[in-house]
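Have a look at the structure below, then the notes.
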Amino acid sequence: MMKKVVKFGGSSLASARQFKKVGNIIRSDKARRYVVPSAPGKRNDKDEKVTDLLYQCYDAAAAGTAYKKILEKIKRRYEEIIEGLDLNLNLDHEFNRIEENFIAKAGRDYAASRGEYLNGILMAQYLGYEFIDAAEVIFFDDNGGFDAEGTNKELGERLEHVERAVIPGFYGSTHSGVVKTFSRGGSDVTGSVVARAIHADMYENWTDVSGVLVADPRIVENPEVIETITYRELRELAYMGASVLHEDAIFPVRKEGIPINIRNTNRPEDKGTLIVESTCRKPRYTITGIAGKKGFCSINVEKAMMNSEVGFGRKVLQVFEDYGISFEHMPSGIDTMTIFVHQPEFEEYEQSVIAGIHRAVEPDFVEMESDLALIAVVGRGMKATRGTAGRIFSALAHARVNVKMIDQGSSELNVIIGVKNADFEDAIKAIYDMFIMSEM
């Protein structure tokens, strides 16, 4: 029998109405046997996420100020879902224990985790599945690092004889029993970890969009959904700001070759996006996706005959390392090398870094340019298609966008383009029109 892990985001579980949609989705496929819920999200734009309310409540309780009203608000959210689903369930005992632990200052991680914990209890009752507390099966070391192998062993053994289970997302515990959370969005990671432990056939990640989009919908109107994308392509897009899946959620399933399917709770008939290790399916378009970030600056170092000076690049980068600054890209020429860094973290040290470069390599001159954006054009289809870079430049020239930098890796999986911040949106629209609209 097939095994699927299904993870549902906060917007998918924000109300009893949403819970019923989720229940219908799970019951429509017998393979959906392991469920990872998030905490209830916003029901509308003016609403608050339960996790945010838990943080507020804990901070007030730990500081000895009034917290009861916030706790009652959280309690009411769950009671509304319980009543809406007509469940025979009372969470008073759980809330009393949470209140005691808040006053005893059990920690903000503990506080944040209770949203998923309570929703897990509720979901297990609604589905008739077994509830497994994530704190008992997902482990962190005492420094807060995720213990992947220890978790995989314990979780695999625990679920081996459990036919159907609910495991709350977002949190686990240290080996000494202290509750610890992943970063925000970490329920994605829990789903991935569970999928690896049970050797799932599929990890379905249900959210409020119908898959990974080719471009940011805030920039391009109604962008196409990517049908199939490889882990490597997604990693490139996620790194450059495309956010559908928590970055760390890719690694556990990638190790096992388990595909991820991003689906829409509100449009369950949509196929969504399939994320795979590798595929022989021909991509629909030459490019898979476009993503980018603003807020970079470039430091251009020029020196005659630098190419024959052994250790030149290392000495320059050592200066950045000495000030704790990581670089994003480093295109170079015969007598020049350019380092792209995040502008906010560089500004504080800019003069010290320039002085350091002068001392380290004695350049002919150093030049800086600020307010730059980087755009990644990603796609496995680019490898087999001639003239991709030419089409990108043609599209940008037509949109009157000046290209500040171009960098292509030897894998031919992506092309990175540097433009001014002010040209960022126009550049993405132009590339989208060239590769998606013209190939439809």
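None of the figures in this text is laboratory data; all of them are computed from the coordinates on show. Owing to the predicted nature of the structure, the values given are computational and were not obtained by experimental measurement. Neighbour counts are summed over all protein chains in view; Cβ atoms, including those assigned to glycine, are modelled from backbone coordinates with ideal geometry.
The table for this structure:
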{"item": "Those aspartates and glutamates that a straight Cα-Cα span of less than 18 Å connects to K49, excepting residues fewer than 8 apart in one chain", "result": "D59, E72, E79, E80, D109, E116, D188, D208"}
{"item": "Simple Cβ-charge dipole of region 188-296, Lys/Arg +1 and Asp/Glu -1, about Cα centre, in debye nearest 20", "result": "280"}
{"item": "Residue of A14, A399, A124 that the Gaussian network model of the chain assigns the largest fluctuation, springs spanning Cα pairs under 10 Å", "result": "A399"}
{"item": "Farthest toward positive dipole pole in the chain [+1 Lys/Arg, -1 Asp/Glu at C-beta], among L85, L53, T388", "result": "L85"}
{"item": "Inter-label distance, nm, simple model (7 Å from Cα along the C-beta direction), R43/E99", "result": "2.3"}
{"item": "Size of charge dipole - the chain - debye, nearest 20, with Cβ of Lys, Arg +1 and Asp, Glu -1, no other charges", "result": "1480"}
{"item": "11 Å beta-carbon shell around V361, net charge (K/R +1, D/E -1)", "result": "0"}
{"item": "GNM flexibility winner over the chain from V403, V276, V225 (Cα, springs under 10 Å)", "result": "V403"}
{"item": "Total charge dipole magnitude, region 215-368, about the Cα centre, Cβ charges on Lys, Arg, Asp, Glu only, Debye to nearest 20", "result": "780"}
{"item": "Estimated FRET transfer efficiency (A389, K30; beta-carbon r; R0 35 Å; 0.05)", "result": "0.15"}
{"item": "Pair Q125, E157: separation of 7 Å Cα→Cβ label points (nm)", "result": "3.1"}
{"item": "Extension gain, K255 back to M437 (0.36 nm per residue minus Cα-Cα distance, nm)", "result": "62.0 nm"}
{"item": "Stretchable slack from C280 to I219, in nm (0.36 nm times residue separation minus alpha-carbon distance)", "result": "18.9 nm"}
{"item": "Cα centroid separation, region 426-440 to region 1-68 (Å)", "result": "37"}
{"item": "Pairs beyond 27 Å (Cα-Cα), from K75/K153; K294/K429; K21/K429; K383/K429; K42/K255; K46/K271", "result": "K75/K153; K21/K429; K42/K255; K46/K271"}
{"item": "Difference of contour (0.36 nm per residue) and Cα-Cα distance, E80 to E369", "result": "98.6 nm"}
{"item": "Top of K315, K21, K383 by mean-square fluctuation, Gaussian network on the chain, Cα under 10 Å", "result": "K315"}
{"item": "Relative contact order of the chain, defined on C-alpha pairs under 8 angstrom at six or more residues apart (%)", "result": "13"}
